[in-house]
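Student: Sharing a structure with you now.
We did not get these values from a lab; they are worked out from the coordinates using the rules stated. Everything quoted here is computed from the prediction, not taken from an experiment. Quick reminder, even Gly has a Cβ in these numbers, built from the backbone with ideal geometry, and neighbours come from all protein chains shown.
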Amino acid sequence: MADLEIREAGREDAAETAQMLARAFHDDPVFGWLLPAEGSRDRRLRRFFVTGLHHESLRRGAVEVACVDGRVAGAAVWFPPGTPLGTEASAIAGYLRAFGRHLVTVSQFQSVAVHAHPREEPHWYLAFIGVDPVRQGHGAGAALLRSRLRRCDQEGLPAYLESSNPENVPLYQHFGFHVTGTLGLPEGAPVVDTMWRPGNVRNDAG
């Protein structure tokens, strides 16, 4: 992809990044399950992502964006080692507006995810990675992964993620992740794989 730049996101990038992530995750199996009404999904996803960026992830200094010609084409939302699990109190109102009556199901999903989250050793957590549908297949996702995983290797730290789409599992495996299990979600929910990348991986794949 020509003119691809990977950089740390700032608060001024929140709105554009949230809009891009809403497009990227519109057809995601988990968000389709949590927000079954397609007519309002895009609006609700924008609210969800802008709330998370403003109140939870950007303050950690670990959100990276892939930019093409100055526009956000993709983003990776990471949380550094030692970040507390759970939702920031300041984000609850925004999430309530985003999910409405579906917030109960969202809370159940988060509870299962938090319970499954590894605690044995410090690690980087990849909460979300998404590329604008019109930019997919041109290397932005791989570039975002490579950027932060290079730092993981420099620090000798592992990384963890939950893959909400089985089509993405081979990409993560290409970068040294392996499947450790699935989230124990209720019947009818999509399969979400938990994936771990050891801290001793030295892989600049792609």
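Student: Given the -39500 (n - 2.57) contribution per DSSP H run of 4+ residues, what per-residue ellipticity at 222 nm results for the chain, rounded to the nearest 500 deg cm²/dmol?
Tutor: Result for the chain, helices only: -11000 deg cm²/dmol.
Student: In nanometres, what is the gap between the two model label sites at V134 and S90, each 7 Å from Cα along Cα-to-Cβ?
Tutor: About 3.3 nm separates the two model spin labels.
Student: Non-local amide H neighbours of A9 (under 5 Å, H modeled in plane, Pro and chain starts lacking H): which ones?
Tutor: For A9, whose amide H was placed from the backbone, the distant partners under 5 Å are V63, E64, V65.
Student: Can you pull the one-decimal nm distance between simple spin-label points at H178 and R146, each 7 Å off the Cα toward Cβ?
Tutor: A separation of 2.5 nm, rounded to one decimal place.
Student: Per residue of segment 181-193, what does 6.51 cos²θ - 1.76 cosθ + 1.60 with θ = phi - 60° give for ³J(HN,Hα)? Whole Hz please, x for Gly and Pro, Karplus curve as stated.
Tutor: Listing the rounded values in order: x, 9, 5, x, 8, x, 4, x, 7, x, 7, 10, 7 Hz.
Student: Kindly list the residues of segment 23-55 that lie in the label zone of S111, defined by a backbone N under 15 Å from the point 7 Å along the Cα-to-C-beta vector.
Tutor: none
Student: Classify segment 6-161 from the C-alpha gyration tensor, please: rounded if a/c falls under 1.5, else prolate or oblate depending on whether a/b exceeds b/c. Display every interim value, and only then the final one.
Tutor: Details: a/c = 1.66, a/b = 1.13, b/c = 1.47.
In terms of gyration-tensor shape, oblate.
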